[in-house]
Amino acid sequence: MDASQAQTNQTADWHALGVDETLDALKAGPQGLSSAEAARRMDIFGPNTLAQGESKSKWKLILEQFTSPLIAVLVVCGVITVFLGHYVDAGAIFLVLILNAIIGYVQESKADKAVEALTSLASPTTRVLRDGGAATIDASDLVPGDLVLLESGDRVPADLRLIDAIHLKVNESMLTGESEDARKGTEPVEEDAALGDRRNVAFSGTMVTSGRGQGVVVATGGDTELGEINDLVHVSKGLTPLQRILHRAETGIAIAVILVAVFVFIGGAIIEGDPAQAFLSAVSLVVASMPEALPIVLTVAMALGVSRMAQYNAIVRSLPAVETLGSITVIGSDKTGTLTQNRMSVEQVAFGAGPAWQLAEVTSDSTQADAAAALLKAGALTNEAQRTIAEDGSTVYSGDAVDVAMARAADEAGVVSPVELESPIALQTPYEPELLHSMTIRRSADGSLTQYVKGAPDAVMAMCASMQDVSGRAIPLDTAAVHEAYGQMGRQGLRVIGVASRTIDASDDLQSHKQAHDMTFLGLEGMLDPPRAGVREAIADCAKAGIRVIMITGDHPVTAAAIGRRLGLESTDRALTGSEMLGMSDEVLAARLRETSIAARVSPQDKLRIVETLQNEGEVVAVTGDGVNDAPALKAASVGIAMGESGTDVAREASDVVLTDDNFVTITQAVRQGRVTFKAIRGSAFFLLATAAAAMIAVGVNVIADMPLLFLPLQMLWINFVTNGVQDIALGFEPGDGDELDSPPRSGSEGLLSKVLWSRVAVCGLWMATCVLVLFHVSLSHGMGLAHARTLALTLLVLFNFFVAMSARSQTKLIVQLNPLDNKFLLLASLVALGIHAGGMYWPPLAGVLGLVPLTLAQWGLCLAVGLTVLVFSEGDKLIRQRLARHGHSPRSALRHTRRSIAAMLRSGR
């Protein structure tokens, strides 16, 4: 094999070729490769290993923590305060910077272990035919053309085209998402067969669960299906909605503060003629206006979200995912184990003239129960499921998913006794894909023999001469009636198994019954992986919250659509399939995804494309998954959600959130907590920006008005770090309003604050600044000392901050509608902040450092009365909007109505 052939072989559809064609194409013989030929091919293809990604250096991660515009401005502030000799101020600023950098570094230095987890799936050694004999070699030494020997318990070391398979079953759930073991054979399949339908290929990383086989290596390393997934895992997730919002907000705040500071410096230098004093004023303004606690507030709020989500069985691995969960607009959910119970269950039985009976109704009529009992018993007595008793006394089933479902159904119906289950097996034929049935002959205690058959309905009917009616009597076989019931169950997405039995004369030669004949058709058992309890309601909650749910699965489209209908998913009549996607442009696919809620028979590449297409349409996408096949989509999604119980290490390492209970219902709770977290962040940001706006306006106007310096830099730090610094963090503990799932996700174009909150920031900030300046000016004009006037103005600002913090708890609810004890930390922090400020005035050593003087009780009363006035604007706005909403009006429509009324009055001359 030369290099050109190697290139051709990488793109070959091996599953569509016959065994001889495959061996000829790979120039492989029945004795395997020689060591010399294997070495030559190693030079062409390289080792059978997965590529490793590059990780960031520690120094690069550390430096990245200081690239934010907000942080850069704070660094400049810290340096300036050092040169000015204000070492306490500088120390406080650098303490915030260091704390923020540590938190960011710890989060980002968690190495991406998804690729490491993928690598762990590689088999360390494998058995091959080399130089005409069997040998055990390192799996990394495999090359295309090697013949690999497989047996139960082996991990498949490379992609193999099977050339021999004896009762071979492989667990491919990590690639296909299907819980049932795949039965393997050697016959070619269609060229466009989906991954789960390639019965003649064993994929790298999958597990052999039973039987044995032999396969020729057709792909190694990065050319395997596992290798392609490894490449896809390296895709970049991009910025989260919150990170994009913060970047815009930080840039805007930094630019605004710098421009105002430059304006104050130039204006102060010209008016006062003292550049040094003007420079100090500018620094004071920067320190007063910069919401330097914002990074800490965000981290605290998201850390609290992590803690709250853990209470609902959602473990968050990436802090930004907390808020992003609250922003999602689409959930692409895996089916097996997430929406469903990850176990086959007999849902319906059919017998007689074909009516379908719910399993729960089987025992409602004794006559019907007899016929159903015979059907269920026969299914349990030609069955390889294993039963073990757990410590709690419950029965644990293991084995083939269909056998387990039929055994459990019989046990729950109480139709088979332990004696019958333990009856000796005289002859048995295990299920084989070629036979399409399994057969068992059992000998009872009295020596009589009974033959049982189960399998594909048409194959079982071909062995039957009669059928039982609803009363259990034998009647002529009515194939039309059976097909009618079979079709009805199939249209519901049920996997349908036919069951038959007959009594054999004890003297008969059993070998003559190895090919079953003259059987009595007992009926059909229809099974399905049933939906989890509460999932349908959770999907309805998502719809109410403006979130679409799309089920993405490797199952057959009919089965997927049936599950979708049970779950209440919209537009489930025609599922999107992976084969359809091959010929679709991204635009057509986007349109198709708007019409359907089901994607079936999809590959890992298809699932990744679905995610990326939705994201390109502006959607914030969460994806759930548990297998290796899900890892690329989990990594690329806005939020990757892995299953904790059934999930693979690869899926968990590629995810942002892990559900410890594997339950979709948990996601809705996580979404609610994500929205609560963003509300808390938004409340803190409103508080910080409103108070920062007040300080910036007050200090700026103070300088331009050629008044004495309003606040010293240390006094501004006193407010920011000692008083406000506790309250803004405490706002992160806000538990939410309880209506988070009653509204759609916020618009992607909406910033850190909504338009409503920005207007409140402007109005409240302007009012507070005006009151502080007026109080300062009036105090000085009445002969009050500069230190006393500053203390009075600073105290008023502290009280303003107190009331704004109380108002910031909710964007829509009034203070009187909130229980103050719901956020005990905020209440306590606010009272402590006032106490600390009072202590700063009345303790002489600290008062001397801060430049404060004690206030009288009357002066405290004045500050309290004026401070309360800010609530007129914040709470008054909430009250007006509540009343408008109650009457179905928006503020904009109310404004238009007012304008029309005024215009009408003017036209009428009134």
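Descriptive notes on the structure:
- Test: ASP737 is in the same structural domain as LEU304 (by TED's automatic domain parsing), of a type in the set (D, E, K, R) and part of a loop (DSSP other than H, G, I, E, B): yes
- When LEU449, LEU436 are checked against the criterion of being assigned by TED's automatic domain parsing to the domain that holds LEU376, farther than 25 Å from PRO557 by Cα, in contact with an Asp or Glu (Cβ under 9 Å, 6 or more places away or on another chain) and aliphatic (A, V, I, L, M), a single residue qualifies: LEU449.
- For region 454-473, the criterion of being under 28 Å from PRO530 (Cα atoms), of a type in the set (Ser, Thr, Tyr) and at pLDDT 90 or above is satisfied by no residue at all.
- Among the conditions (1) in a loop (DSSP other than H, G, I, E, B); (2) of a type outside the set (Asp, Glu); (3) under 30 Å from ARG343 (Cα atoms), ALA500 misses just one, which is (1).
- Residue list for region 651-670, restricted to those being touching a Pro at 6+ places or on another chain (Cβ under 9 Å) and either in the same structural domain as PRO735 (by TED's automatic domain parsing) or acidic (Asp, Glu) (or both): ASP656
- Remark: pairs (first residue in region 802-817, more than 11 Å from LEU871 (Cβ to Cβ) and without any contact (Cβ under 8 Å) to a residue 24 or more places away in the chain; second residue surrounded by fewer than 22 Cβ atoms within 10 Å (Cβ to Cβ) and of a type in the set (Ser, Thr, Tyr); Cβ separation under 8 Å; 6+ apart in sequence or on different chains) = GLN817/SER810.
- The set of residues in region 855-872 being touching a residue at least 60 places away in the same chain (Cβ under 8 Å) and either aromatic (Phe, Trp, Tyr) or in a loop (DSSP other than H, G, I, E, B) (or both) consists of LEU855, TRP860, THR869.
- Total residues in region 495-517, condition touching a Ser or Thr at 6+ places or on another chain (Cβ under 8 Å) and of a type outside the set (Val, Ile, Thr): 6
- The test for being in the same structural domain as ILE836 (by TED's automatic domain parsing) and more than 19 Å from ILE328 (Cα to Cα) holds for LEU731.
- Summed over region 543-566, residues that are surrounded by fewer than 23 Cβ atoms within 10 Å (Cβ to Cβ) and in contact with a helix residue (DSSP H, G or I) (Cβ under 6 Å, 6 or more places away or on another chain) total 1.
- Those residues of region 305-335 which are assigned to a helix (DSSP H, G or I) and surrounded by fewer than 23 Cβ atoms within 10 Å (Cβ to Cβ), in sequence order: VAL306, SER307, ARG308, ALA310, GLN311, PRO320
- Checking each residue in region 158-187 for being more than 23 Å from GLY227 (Cβ to Cβ), part of a loop (DSSP other than H, G, I, E, B) and more than 27 Å from the chain's Cα centre (by Cα) picks out GLY185, THR186, GLU187.
- Some residue of region 191-198 being among the basic types (Lys, Arg) and out of contact with any helix residue (DSSP H, G or I) (no Cβ under 8 Å at 6 or more places or on another chain): no
- Test: residue in region 480-493 that is buried (at least 16 other Cβ atoms within 10 Å of the Cβ) and either closer than 26 Å to LEU168 by Cα or modelled with pLDDT of 90 or more (or both): no
- Residue within region 126-142 that is under 29 Å from MET581 (Cβ atoms) and either of a type outside the set (Asp, Glu) or in the same structural domain as ALA28 (by TED's automatic domain parsing) (or both) present: no
- Within the option set THR856, THR869, being loosely packed, with under 11 Cβ neighbours inside 10 Å, of a type in the set (Ser, Thr, Tyr) and at pLDDT 90 or above holds for one residue only, THR856.
- Residues that are in a helix (DSSP H, G or I) and not hydrophobic (A, V, I, L, M, F, W, C) within region 583-601 comprise ASP586, GLU587, ARG592, ARG594, GLU595, listed in sequence order.
- Residue match in region 573-582 (condition: surrounded by 15 or more Cβ atoms within 10 Å (Cβ to Cβ) and assigned to a loop (DSSP other than H, G, I, E, B)): yes
- When VAL208, VAL218 are checked against the criterion of being under 14 Å from LEU17 (Cβ atoms), aliphatic (A, V, I, L, M) and in a strand (DSSP E or B), a single residue qualifies: VAL218.
- Applying the condition of being under 37 Å from the mean Cα position of the chain (by Cα) and among the hydroxyl-bearing types (Ser, Thr, Tyr) to region 872-901 and asking which residue is modelled with the highest pLDDT yields SER874.
- Residue that is farthest from the chain's Cα centre (by Cα), among those in region 334-373 that are of a type in the set (A, V, I, L, M, F, W, C) and at pLDDT below 75: ALA353
- Selection from region 429-473 of residues that are touching a strand residue (DSSP E or B) at 6+ places or on another chain (Cβ under 9 Å), acidic (Asp, Glu) and under 22 Å from ASP400 (Cβ atoms): GLU432, ASP458
- For region 832-853, a residue qualifies if it is buried (at least 16 other Cβ atoms within 10 Å of the Cβ) and not aliphatic (A, V, I, L, M), and the qualifying residues are HIS837, GLY840, GLY851.
- Of all residues in region 208-230, those satisfying the criterion of being at pLDDT 85 or above and either among the acidic types (Asp, Glu) or more than 18 Å from TRP14 (Cβ to Cβ) (or both) are VAL208, GLY211, ARG212, ASP223.
- In the set (1) in contact with a Ser or Thr (Cβ under 7 Å, 6 or more places away or on another chain); (2) over 17 Å from VAL306 (Cβ atoms), the condition left unmet by GLY732 is number (2).
- Filtered residue count, region 1-19, keeping only those that are at pLDDT 90 or above and loosely packed, with under 13 Cβ neighbours inside 10 Å: 0
- Hits in region 194-203 (condition: of a type outside the set (Phe, Trp, Tyr) and within 29 Å of the chain's Cα centre (by Cα)): ALA194, LEU195, GLY196, ASP197
- Where SER512 falls short, out of the listed (1) more than 45 Å from the chain's Cα centre (by Cα); (2) closer than 25 Å to ARG473 by Cα: (2)
The values are calculated or read from the model by the stated rules, or taken from the named source; none is laboratory data. Not measured: the values here are computed from a predicted model. Cβ: placed from backbone, ideal geometry, glycine included. Neighbour counts: every protein chain shown.
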